[in-house]
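The values are calculated or read from the model by the stated rules, or taken from the named source; none is laboratory data. Values in this document were obtained by computation on a predicted structure and should not be read as measured data. As a convention, Cβ positions derive from the backbone with ideal geometry for all residues, glycine included, and neighbour counts pool all protein chains shown. We work out accessible area using only protein heavy atoms, side chains counted, and drop any ligands, DNA or RNA first. Shrake-Rupley method; radii C 1.70, N 1.55, O 1.52, S 1.80 Å.
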Amino acid sequence: MSLFSSSLLLCLVTASYAETVTEASPSTCPVIACSSPGLNGLPGRDGHDGAKGEKGEPGQGIRGLQGPPGKVGPAGPPGLPGSKGAVGQKGDCGEKVEYDSSQIDSEIEALKSEVGRLRNWLTFALAEHVGKKYFISSRKKMSFDRAKALCSQFQGSMATPRNEKENKAILNVARDDAFLGITDMEWEDNFVDLTGNKVDYTNWNGGEPNNVGGAEDCVVLLSSGKWNDIPCSDSFLVVCEFSG
Ligand SMILES: [Ca+2]
Ligand SMILES: [Ca+2]
């Protein structure tokens, strides 16, 4: 029953009672007024939490795809050294070899003689020598870097004349324009040999070195015996020198 209905019933009962009293006591005149019903009250406060329910059944959702593998972790510390292996069996005794020193000496002398003969043949056929320095040409033309590598491959170096005699010997071997082992790659107009030492002997052609185009850092021996600075990338004959 609502509050309004309750109030209305209370009024009716009270009014009925008032009529009864008025009939029983005519001498008195009670006045009982019935006021209008009151407004609804505010909602009550929240009650206490109920008891915890039972655990539900597992969900039926679709399981997600497996993610990509993670990054490789850092290398672990090195392990401890393993235990020492067992000692192997003792090997057989080697055979004792007797050396005949006089025989070895004679074989060495024979080899020296053979090398000397080969050198003479090569010098006669291909090379020029000044003192203990030999000059040999491969008769091939290539860039400065390749020529330098070719001479090194045979334990030699690019021909570098130290005097007029050596300059003439290189000319006799080359018989064409040939690279010399001289450059001013490091500092312009400071011509050095391939060990970096400034050359004392030079035989420049008239007006040379002129570093045409700012790109002439290598040197060729011309057929006249004079020198000209030229680009290192150009191809000229290779002449190597060897110590005797
Ligand atoms: Ca130059
Ligand atoms: Ca030049």
With each pseudo-label sitting 7 Å past Cα toward Cβ, what's the LYS165-SER113 distance in nm, one decimal? 3.0 nm
Using 0.36 nm per residue, how much length does the chain from SER223 to SER152 gain when fully extended, once their Cα-Cα distance is taken away? 23.1 nm
Using +1 at the C-beta of Lys and Arg and -1 at the C-beta of Asp and Glu, which of VAL192, ALA127, CYS232 has the Cα lying farthest in the positive direction of the dipole of segment 124-243? ALA127
Length gain on complete extension for the stretch THR202 to LEU80, per 0.36 nm per residue less the alpha carbon to alpha carbon distance? 37.3 nm
Full-stretch length increase - GLN60, SER233 - with 0.36 nm per residue and alpha-carbon distance subtracted: 54.5 nm
To the nearest 0.05, how large is the calculated FRET efficiency for GLN103 and VAL212 if R₀ is 51 Å and r is the Cβ-Cβ distance? 0.20
Please identify the trypsin sites (Lys or Arg not before Pro) of segment 78-185 that satisfy two criteria: DSSP loop assignment and at most 16 other Cβ atoms within 10 Å. Which are they? LYS84, LYS90, LYS96, LYS132, ARG162, ARG175
What does the charge dipole of segment 124-243 about its Cα centre add up to, to the nearest 20 debye, if the Cβ of each Lys and Arg holds +1 and the Cβ of each Asp and Glu holds -1? 720 debye
What order do TRP121, TRP204, TRP227 take when sorted by accessible area (1.4 Å probe), most exposed first? TRP121, TRP204, TRP227
